Amino acid sequence: MNNVKILAISSSGGHWIQLLRLKKFFGNYTTFYASTDSSLASMVEGKFYSLRDASMWDKPGLVILAFQIIWLLMKVRPDVIVTTGAAAGFFAIVFGKFIGAKTIWIDSMANADEMSLAGMKVKKFADVWLTQWPALATDKGPYYRGQVL
């Protein structure tokens, strides 16, 4: 195994499905997974961490989620963080910068007309900031490099 540690993190649902479609790229690395539904652990090999599901309409839940992400980052110490979004991915990217992790944000396929709210807010923290829709790409980001199909 390579010594590089990857944290692959997202919310459940479509975000998770898109993240799993990237698994083949994580094969040679030590990969840790995290999501907001504990039943998803059976879908991956390696260590899985269950997180609180929260959104901007659940401020107390966001605070709890933020602390869970800080704890997770301190425990795992990932070299790279890859996320397809929502709140868990947002916090992982933001806090991951403080520990020196390289960060990759891939905005969800569902955001065809505009970047997600989290995707817009994370742009100044992400080392790689991607959209899955060519029409949303700009010279200054987000960048389009294909879709996670």
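Within the same chain, lysines fewer than 8 places from Lys23 are excluded, and of the rest, those with a Cα less than 28 Å from its Cα are Lys5, Lys47, Lys75, Lys97, Lys102, Lys121, Lys123, Lys124, Lys140. Segment Ala135..Ser55, full-extension length gain: 26.1 nm, with 0.36 nm per residue of separation and the alpha-carbon distance subtracted.
So, for the chain, what is the accessible surface per residue at a probe of 1.4 Å, expressed in square angstrom?
53 Å²
The fraction of accessible area contributed by carbon and sulfur in the chain is 57 percent, rounded to a whole number (1.4 Å probe; ligands and nucleic acids excluded). When the charge dipole of the chain is built from unit charges on Cβ atoms (+1 for Lys and Arg, -1 for Asp and Glu) and taken about the Cα centre, the candidate among Val80, Ala34, Ser12 whose Cα reaches farthest toward its positive end is Val80. The label point for Met120 and the one for Met43, both projected 7 Å from the Cα toward the Cβ, are 2.8 nm apart. A value for percent of Cα pairs over 20 Å apart was derived from the coordinates, and within the list (1) 42; (2) 51; (3) 55 it appears as (1). Loop-located trypsin sites (Lys or Arg not before Pro) in the stretch 21-84 (DSSP state other than H, G, I, E, B) with a sparse environment of at most 15 neighbouring Cβ atoms within 10 Å: Arg21, Lys47. Between the stretch 77-97 and the stretch 1-64, the alpha-carbon centres lie 10 Å apart. Ranking Ala137, Phe98, Met109 by Cα position along the charge dipole of the stretch 85-149, where only Lys, Arg, Asp and Glu carry charges on their C-beta atoms, puts Phe98 farthest toward the positive end. Computed about the Cα centre, the dipole magnitude for the chain is approximately 440 debye when only Lys and Arg (+1) and Asp and Glu (-1) carry charge, each at its Cβ.
The values are calculated or read from the model by the stated rules, or taken from the named source; none is laboratory data. This one's a predicted model, so the numbers in the text were calculated from it and none came from an experiment. Reconstructed Cβ throughout: ideal geometry from the backbone, glycine too, with neighbour counts over all protein chains shown. The protein model used for the area step is the full one, side chains on, heavy atoms only, and it has no ligands, DNA or RNA in it. Shrake-Rupley method; radii C 1.70, N 1.55, O 1.52, S 1.80 Å.
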